[in-house]
1. Just a yes or no: is a residue in region 33-53 modelled with pLDDT of 90 or more, in a loop (DSSP other than H, G, I, E, B) and either of a type in the set (Val, Ile, Thr) or under 15 Å from Arg369 (Cβ atoms) (or both)?
2. For region 133-158, which residues satisfy the criterion of being in a strand (DSSP E or B) and within 23 Å of the chain's Cα centre (by Cα)?
3. If we scan region 48-64, do we find a residue that is more than 30 Å from Met194 (Cα to Cα), under 23 Å from the mean Cα position of the chain (by Cα) and of a type in the set (Gly, Ala, Ser)?
4. Looking at region 167-176, can you tell me whether even one residue there is assigned to a loop (DSSP other than H, G, I, E, B), at pLDDT 80 or above, surrounded by fewer than 18 Cβ atoms within 10 Å (Cβ to Cβ) and touching a Leu at 6+ places or on another chain (Cβ under 7 Å)?
5. Answer yes or no: is there a residue in region 347-360 that is of a type in the set (Val, Ile, Thr), at pLDDT 90 or above and more than 27 Å from Arg263 (Cα to Cα).
6. Tally up the residues in region 29-78 that are among the β-branched types (Val, Ile, Thr) and without any contact (Cβ under 8 Å) to a residue 60 or more places away in the chain, please.
7. Return the residues of region 74-101 that are outside any strand (DSSP E or B) and either surrounded by 14 or more Cβ atoms within 10 Å (Cβ to Cβ) or at pLDDT 85 or above (or both); say none if nothing qualifies.
8. What's the number of the condition Glu154 fails, among (1) touching a residue at least 60 places away in the same chain (Cβ under 8 Å); (2) surrounded by 15 or more Cβ atoms within 10 Å (Cβ to Cβ)?
Amino acid sequence: MGNTFKSPRPPPPPPMVLVPPLFDFPPLAARTRMLDSSYNMLFGKLALKCLFEDYFEEARRFSTRIMLKPIDDPHVDLIATVDGPLNHKPEEKFAGNAQFRWQSDVLDPHTFVDLSVSNSEPTLLMRSCAYYPKSGFGAFGIFPILSKQRKSSEDYGYMGLRYGSSNLSVGATFVPFTASADELPKNAWLVSKMGRLTAGVQYEPTFESKDGARYKNLANWSCAIGYGLGSESPLSPSFNFGLELAKNSQFIASFYQHVVVQRRVKNPFEPEEVVGITNYIDFGFELQTRVDDAQHANNIHDSSFQIGASWQANKNFLLKGKLGPLSSSIALAFKSWWKPSFTLSISAIRDRAKRETAYGLGIQVENIREGIYQRADPNYVMLTPSKEHLAEGIQWIIGERPLFESDVTSGNFSGVPKELRPLNKML
């Protein structure tokens, strides 16, 4: 006797929204930020540098970068780069560099040692940094081991000490092999954060020879103030605005915005329940003008600006463009998330003064940073394509580990993969 009752059909799968990883997060410059002043990294400077420089190859040149780490030992990695002209000429040379790095903690890039070998000066360079999160103190140093010429005391290297907390960063660098006390310090900085405001000052002695006169000369000082809004996680939008008076001679105004938007999509390579995708849009502006001499204010070299924007349509395609007073550039990058990943970028540079257009080519192979395609929670509500991703309580699924958008907004990143975590809670 047959079964007259049919089993109920399973409910259809809920709609999903794809959330692709960013092309380059965290940025490579963040791995060595402990070797530099916090003043040079904050106020949106790191984000603007990535926006204006990454994938914009030099005109008529190509660059190749290989970044690999062994599977058996994730504490070490190797980065090798080769840069040269597309049309080789006898007077043009190839530049090569290889860097071997050992990192104490896989999740914390602030304690490391690396050796860099190059066919330019210095031939062999060692950099080292040690940072202790519990106390907030750290020490670092950069030492050229092999160099053809050592004309000044700085050619022998320098060291530095720093302290960092969530609201304060202070430090100084000095040349240990100098015979004159007037050369101390090489530079010093103090940066403090109060809510969304960040203010800082930096001392870099380049004028006057006597110690007392150098401290009184305003040309040796720089100051900046910035306003930051949003989380450092790329899954949520952010905004940074900064004003800087550098060396008492140059005024710099800049802002950078990272926007997370969603658009509806019909992808034949994805299941039917995939109804949308998350995009990342970045926009930045920087204006530099001299304030020490009014008669040169209209000089194109003393007053300049640049505007840049990027759009990551999905996990594979990135489009960038920037505009300046002398030239404009556009770059298109394609990335395949193999293991290791492969990235091909092509850039076009238009020189308006010469009315010439030149091209650049970039190739990159990497397995240091890994990206995972993510899918939103079944209860996820699709936002309008033009609305920023500001919804609370949304659950993202990364592999088998859930991540709540409310946790990201509150600063709880314990369940986030290391590639998507903020740089650090240290200022």
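The values are calculated or read from the model by the stated rules, or taken from the named source; none is laboratory data. None of the values given here were measured: they were computed from a predicted structure. Because the Cβ atoms are built from the backbone with ideal geometry, glycine has one as well, and the counts that use them run over all protein chains shown.
1. No.
2. Gly138, Ala139, Phe140, Gly141, Ile142
3. Yes, the conditions are met somewhere in region 48-64.
4. yes
5. So far as region 347-360 goes, yes, one or more of its residues are of a type in the set (Val, Ile, Thr), at pLDDT 90 or above and more than 27 Å from Arg263 (Cα to Cα).
6. Residues in region 29-78 being among the β-branched types (Val, Ile, Thr) and without any contact (Cβ under 8 Å) to a residue 60 or more places away in the chain: 2 in total.
7. Pro74, His75, Leu86, Phe94
8. The single condition Glu154 does not satisfy is (1).
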